[in-house]
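Single-structure report; data block below.
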Amino acid sequence: MARAATDYLMDFVAGLPDAPASDLDLGSSDRLLAALHRPPPDGPTEFAALLELVRAAAAKGLETAGPGYLAYIPGGGLFASAVGDYIARGTNRFVNLAGAAPAFAQLEAGIVRWLCDLFEFPPEAMGLLTSGGSMANFSAIVSARTALLPRDFLAGTLYVSEQSHGSVAKSARLAGFPPERVRVAPCTADLRVDVNALETMVVTDRSNGLQPFFVVANAGTTNTGTVDPIPALADLARRHGLWLHADAAYGGFFWLTERGRARLAGIQAAESITLDPHKGLFLPYGTGALVARDGAQLRAAHSDDPAASHYLQDLEIDLGVTTIPNFADHGPELSRGFRGLGVWLPLHLHGLGAFRAALDEKLDLAAQAHRALAADPRLEVPWEPDLSTVAFRLAGGDDDDNRRFLRRINDSRRIRLSSTDIGGRFTLRMSILSFRTHADRVAEALDIILDRAHH
Ligand SMILES: *Cc1c(COP(=O)(O)O)cnc(C)c1O
């Protein structure tokens, strides 16, 4: 089975440069869809037949692994991470309590420690590998709520900007806050949060009896990769006693590069940072991360009362030489997969230099794409990218013109772009973050875009 699956994946990866950027045509797929939806049979099925079904299903969708994927926030999915996951699942270790797999827990703790050190957090910092950025934002909010608010926390108020990711407001809701407790600060014309307006909101809310406690710094917005003025937000957070959370799900790993460090300067002052290895570390979907300056606050919010779980008492063993964390005490999950191996393996196999070079390449490619698009008078390219996303529209075009423009581009099936709404206007975006996207595909993308840039 493993050999056949590997053969399939080798073909899949080798075919990525020529694979269509999308295949969402389900018109003639009735039989495929019915077969995929069928309940499990009572008896066995040949593996080869099942693999064939999987192969046909994988072909349908956006080619999120391919070099032409420039939509949403790409990543690609490093093959070494899939191999790590394969071994992690094959060995089926339980890493969330150190007593069950201390050595693998130590490996995952090493990854988390590396992330804390990367952002110059103190020794008492701690973190967690999550399923993605959304769950990292959720645990950050629950930690801040536990640390800063009374048990009756409904006056607690959180601050995001117009450009913050929707997962922050959603997490606040899941954490028990009514929607009106998430306040949306305006942005200035450059799409960065207006810190003065934000401060006025905090002061007004406090004088109205609310309890401001949490503010988000966007360290690379999803729409345009724009970085908020983090030092000014850190200063505001300090003056008003707010928990500064950096949502660096998209932008965080650019910190590995010199230009990224300059653009994200000040992020080290945050109380907590959300990162998405499945974006900036190019891993397959399913791995996010949260780091918190004070690990005790993460534990206070997420640890379980041992008296409620007597059946786990044998796992509270004294490991003697060292303290290996129980990740279950730092996040919502008890049983979960061993996420650490899929992060550790590619990082050690390729080395940080390879990641730094790939991220630098994406910054170069985005700057290049911005120059080429901005030079064409038929296009409106309002913002210079801080990171690796370029937003643009047809000059003088309305939303429908731009919707058709996007469709013409995607009909090429060599690249896939996506759109968003900025300031009430339909806006196309080209996000360059797959490790498989290089200068040749970006040049082709620019040819396709400029060739189709008409009303
Ligand atoms: C992608 C993203 C998220 C959500 O992360 P998921 O991994 O999709 O859950 C949150 N914030 C920002 C800025 C993002 O780009």
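The residues listed here are Phe177, Phe104; of these, the one that is surrounded by 20 or more Cβ atoms within 10 Å (Cβ to Cβ), farther than 22 Å from Leu347 by Cα and either more than 16 Å from the ligand (Cβ to nearest atom) or not hydroxyl-bearing (Ser, Thr, Tyr) (or both) is Phe177. Taken residue by residue, the range 300-317 has at least one member that is small (Gly, Ala, Ser) and either at pLDDT 95 or above or within 16 Å of the ligand (Cβ to nearest atom) (or both). If you check Ala34, Ala80, Ala71, Ala58, which single one turns out to be over 30 Å from Thr221 (Cα atoms) and not hydroxyl-bearing (Ser, Thr, Tyr)? The conditions single out Ala34. When the range 203-232 is filtered for residues that are away from the ligand (no atom under 16 Å from the Cβ), in contact with a Ser or Thr (Cβ under 8 Å, 6 or more places away or on another chain) and hydrophobic (A, V, I, L, M, F, W, C), the ones remaining, listed by number, are Leu210, Phe213. The combined condition, being in contact (Cβ under 8 Å) with a residue 24 or more places away in the chain, within 27 Å of Ala249 (Cα to Cα) and touching a helix residue (DSSP H, G or I) at 6+ places or on another chain (Cβ under 7 Å), is fulfilled by Val390. Summed over the range 146-160, residues that are surrounded by 22 or more Cβ atoms within 10 Å (Cβ to Cβ) and either away from the ligand (no atom under 11 Å from the Cβ) or in a loop (DSSP other than H, G, I, E, B) (or both) total 4.
Under the condition of being touching a Lys or Arg at 6+ places or on another chain (Cβ under 9 Å), over 15 Å from Val343 (Cα atoms) and among the hydroxyl-bearing types (Ser, Thr, Tyr), the residues counted in the range 93-142 number 1. When residues in the range 185-208 are screened for being over 16 Å from Ala237 (Cα atoms) and in contact with a strand residue (DSSP E or B) (Cβ under 8 Å, 6 or more places away or on another chain), 4 of them pass. Among the residues making up the range 370-407, those that are farther than 17 Å from Ala443 by Cα and charged (D, E, K, R) are Arg378, Glu380, Glu384, Asp386, Arg393, Asp398, Asp399, Asp400, Asp401, Arg403, Arg404, Arg407.
Residue count for the range 120-133 under the criterion of being surrounded by fewer than 22 Cβ atoms within 10 Å (Cβ to Cβ) and either of a type in the set (Asp, Glu) or within 16 Å of the ligand (Cβ to nearest atom) (or both): the result is 4. Pairs under 7 Å by beta carbon, first residue farther than 22 Å from Ser418 by Cα in the range 71-84, partner small (Gly, Ala, Ser) and away from the ligand (no atom under 14 Å from the Cβ), six or more apart or different chains? Short answer, once both residue conditions are applied: Ser81/Gly342; Gly84/Gly342. Across the range 233-269, the qualifying residues are those that are in a helix (DSSP H, G or I) and within 14 Å of the ligand (Cβ to nearest atom), and the one among them that is surrounded by the fewest Cβ atoms within 10 Å (Cβ to Cβ) is Ile267. Here Leu26 meets each of (1) modelled with pLDDT of 95 or more; (2) in contact with a helix residue (DSSP H, G or I) (Cβ under 9 Å, 6 or more places away or on another chain) with one exception, condition (1). As a summary of the residue check, Leu198 satisfies the conditions (1) under 19 Å from Ala269 (Cα atoms); (2) within 16 Å of the ligand (Cβ to nearest atom); (3) without any contact (Cβ under 8 Å) to a residue 40 or more places away in the chain except for the one numbered (2). Among the residues that make up the range 92-99, is at least one of them at pLDDT below 95, surrounded by fewer than 19 Cβ atoms within 10 Å (Cβ to Cβ) and not aromatic (Phe, Trp, Tyr)? Within the range 92-99, one or more residues are at pLDDT below 95, surrounded by fewer than 19 Cβ atoms within 10 Å (Cβ to Cβ) and not aromatic (Phe, Trp, Tyr). Which residues, counting only those in the range 180-195, are among the charged types (D, E, K, R) and either more than 15 Å from the ligand (Cβ to nearest atom) or more than 20 Å from the chain's Cα centre (by Cα) (or both)? Scanning the range 180-195 gives Glu180, Arg181, Arg183, Asp190, Asp194. The condition (being small (Gly, Ala, Ser), within 30 Å of the chain's Cα centre (by Cα), under 30 Å from Phe392 (Cα atoms) and surrounded by fewer than 15 Cβ atoms within 10 Å (Cβ to Cβ)) is satisfied by just one residue among Gly15, Gly61, Gly66: Gly61. Listed conditions (1) within 13 Å of the ligand (Cβ to nearest atom); (2) over 20 Å from the mean Cα position of the chain (by Cα); (3) small (Gly, Ala, Ser) are all met by Ser167, apart from (2).
The values are calculated or read from the model by the stated rules, or taken from the named source; none is laboratory data. Predicted model only: the values in this text are computed from it and were never measured. Cβ coordinates were reconstructed from backbone atoms using ideal geometry, including for glycine residues, and neighbour counts include every protein chain displayed.
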